[in-house]
Amino acid sequence: MLTEEIRVATADTQQLPRLDKPDCEDFQEGQARILQMIAANKPLGQILTSLVKLIEAESEDMLCSVLLLSDDGNHIRHGAAPSLPDAYVKAIDGAPIGPKNGSCGTAMYRGEAVVVSDILTDKLWEDYRDLAAAANLRACWSTPILSGRGKVLGSFAMYYRKPRTPTGDESRLTDVATRIAGLAIERQAAREALEQTRNQLAEAETISETAESIADDVEKPLAAIVENAQRCLEMLSESDANTGELRDALANIVVDGQNALEAVGRIGKD
């Protein structure tokens, strides 16, 4: 049902950030596969793991992770970190965010990127320095993952085993990773909200009894999905690479969210 709508929605699409490398086409195809996973409602952990591996493949020395912000907005939750030591991943799962909580906890707290070129000398890592040293991690650059409306959802981090600072290519990779991760996280939130809606409707004697609260609960995450996907589509102007599958996947997400928003708007009006 969405196929024809997707063709219409892709008329004005542009491109996500890309790297000026010979294997750029493979990277674009990797983005398209992940966006298709999002549109197909694959498990969030599977999507984020695939995203991390895609970014890591651009540098043999890079180790990446996605962390999620807990529902209470105060703690870190594991998202994906396939290449980091298990002991390190388990140790930071559940850690608090704050003004001096490593790169990721600080980035989530501030709502802005945090670049630590040497973990062993940076004050932000004082409480986690031994943990990082045991995992042989020396540099960590973390960027918050934001919703379409600017809410912090988590963080994307790049680790290295030697002190170093980011390059232009790494900044573009981070931009791609945070945008796609944000889209995946918001899509799952919308799915959970829709499931809650179904349960509420099943328990209600009439739709009108719960229409107002249901519309409010579902409309916000769905609107955020649409805004985030549209932001990605608006970035598709910097390259002439063939990204048809990437465009279709993003357009699918936009149309799907818009259709759901329209359905919510009809609750209690029919």
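The values are calculated or read from the model by the stated rules, or taken from the named source; none is laboratory data. Keep in mind it's a predicted model, so treat the numbers as computed, not measured. Ideal geometry is used to build each Cβ from the backbone, glycine not excepted, and the neighbour counts take in all protein chains shown.
Descriptive notes on the structure:
- Scanning segment 44-68 for residues that are surrounded by 22 or more Cβ atoms within 10 Å (Cβ to Cβ) and polar (S, T, N, Q) turns up just one, Ser65.
- Total residues in segment 123-134, condition assigned to a loop (DSSP other than H, G, I, E, B) and crowded, with 19+ Cβ neighbours inside 10 Å: 1
- Filter result for Asp118 (at negative phi, without any contact (Cβ under 8 Å) to a residue 40 or more places away in the chain and either in a loop (DSSP other than H, G, I, E, B) or aromatic (Phe, Trp, Tyr) (or both)): no
- Top-ranked residue of segment 151-180 - restricted to ones that are modelled with pLDDT under 95 and assigned to a loop (DSSP other than H, G, I, E, B), ranked as surrounded by the fewest Cβ atoms within 10 Å (Cβ to Cβ): Thr167
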